[in-house]
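A short write-up of the structure that comes next.
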Amino acid sequence: MTSATDPRFAVLVPVKRTALAKSRLAGLGEELRRQLATAFALDTVTAVLSCDLVERTLVVTDDSALASTLARMGAEVVPDGRSGLNGALVQAAAEMHRRDRSLALAAVCADVPALRPEELALALRAAAPDGMSFVADAERVGTTAVVAPTRDAFRPAFGAGSRRAHLDAGAFEVDAVDVPGLRRDVDDPVGLLAARRLGLGAHTSLVAARLRL
């Protein structure tokens, strides 16, 4: 439940082209890999769109087919600009700032199919009010979300060892809230099984049912 004092957010979701996404799931078969990558993005964006604190959702992708689907769901879409993940997010943050300067910013990875809207709200409320914050993944090595009150504070460092990179940059780690779905990104079959135990979104559930997990 929101209040008048709650911050309002624009959430950026970077989505890699389905043809390239989730290569570590290739052992399940090419068609299933593509279907899972698509389902992860759809379930992630569904949760973001449903979060009470999220005013706008901006998907960053060059996948035209997926972009059309996400736009019909209610997301705004911009191309990724081919400047790497972090560069594309910074560009998207600048575009969102141009569209609406009143909103705080967050970025959420597109491979968290067990994410629940209330978990995202918990993480957003727990973020530092005066600098960048982040949520580490379940292994406490990577990052699944970053949060910043302003465009100037938004300096994501996603990639290998990103938890350490964010800590070294002085970002606040959101660590006192129970958000297992937000922490559980899926890169491989083991991660998919762990996400299924938490409860998958509707799109991923349909695909995962074929795998007899």
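The values are calculated or read from the model by the stated rules, or taken from the named source; none is laboratory data. Only a predicted model underlies this, so the values are computations on that prediction, with no experimental measurement involved. In this analysis, Cβ positions are derived from the backbone assuming ideal geometry, glycine residues included, and neighbour counts consider all displayed protein chains. We work out accessible area using only protein heavy atoms, side chains counted, and drop any ligands, DNA or RNA first. Shrake-Rupley method; radii C 1.70, N 1.55, O 1.52, S 1.80 Å.
When the stretch 20-35 is filtered for residues that are of a type outside the set (Lys, Arg), in a helix (DSSP H, G or I) and open to solvent by less than 60 Å² (accessible area, probe 1.4 Å), the ones remaining, listed by number, are LEU25, ALA26, LEU28, LEU32, GLN35. Between residues in the stretch 107-134 that are open to solvent by 40 Å² or more (accessible area, probe 1.4 Å) and residues that are assigned to a helix (DSSP H, G or I), which pairs lie under 7 Å by C-beta distance while being six or more apart or on different chains? Taking only residues 6 or more apart or on different chains, the pairs are ARG116/ALA47; ARG116/GLY181. Before we move on, is THR38 assigned to a helix (DSSP H, G or I), of a type in the set (S, T, N, Q) and either open to solvent by less than 10 Å² (accessible area, probe 1.4 Å) or over 21 Å from ALA157 (Cα atoms) (or both)? Against the criterion (assigned to a helix (DSSP H, G or I), of a type in the set (S, T, N, Q) and either open to solvent by less than 10 Å² (accessible area, probe 1.4 Å) or over 21 Å from ALA157 (Cα atoms) (or both)), THR38 qualifies.
Could you tell me whether THR144 is crowded, with 23+ Cβ neighbours inside 10 Å and of a type in the set (S, T, N, Q)? Spelling it out, THR144 is indeed crowded, with 23+ Cβ neighbours inside 10 Å and of a type in the set (S, T, N, Q). Looking at ALA71, ALA47, ALA65, just one residue is surrounded by 21 or more Cβ atoms within 10 Å (Cβ to Cβ) and either over 20 Å from LEU206 (Cα atoms) or not charged (D, E, K, R) (or both), and that residue is ALA47.
If SER50 passes every condition in (1) at pLDDT 95 or above; (2) out of contact with any helix residue (DSSP H, G or I) (no Cβ under 9 Å at 6 or more places or on another chain); (3) more than 23 Å from ALA209 (Cα to Cα) but one, which one does it miss? For SER50, the failing item is (2).
One line per residue, one yes/no per condition, for (1) closer than 17 Å to ASP43 by Cβ; (2) over 13 Å from the mean Cα position of the chain (by Cα); (3) not in a helix (DSSP H, G or I):
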site	(1), (2), (3)
VAL112	yes, no, yes
LEU122	no, yes, no
ASP130	no, yes, yes
THR144	yes, no, yes
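Does ALA10 meet the test of being open to solvent by less than 10 Å² (accessible area, probe 1.4 Å), part of a helix (DSSP H, G or I) and of a type in the set (A, V, I, L, M)? No. All conditions in (1) part of a loop (DSSP other than H, G, I, E, B); (2) of a type outside the set (Ser, Thr, Tyr); (3) open to solvent by less than 20 Å² (accessible area, probe 1.4 Å); (4) in contact with a strand residue (DSSP E or B) (Cβ under 8 Å, 6 or more places away or on another chain) hold for ALA92, with the sole exception of (1).
Scanning the stretch 65-89 for residues that are closer than 24 Å to SER133 by Cα and in a loop (DSSP other than H, G, I, E, B) returns ALA75, ASP80, SER83, GLY84.
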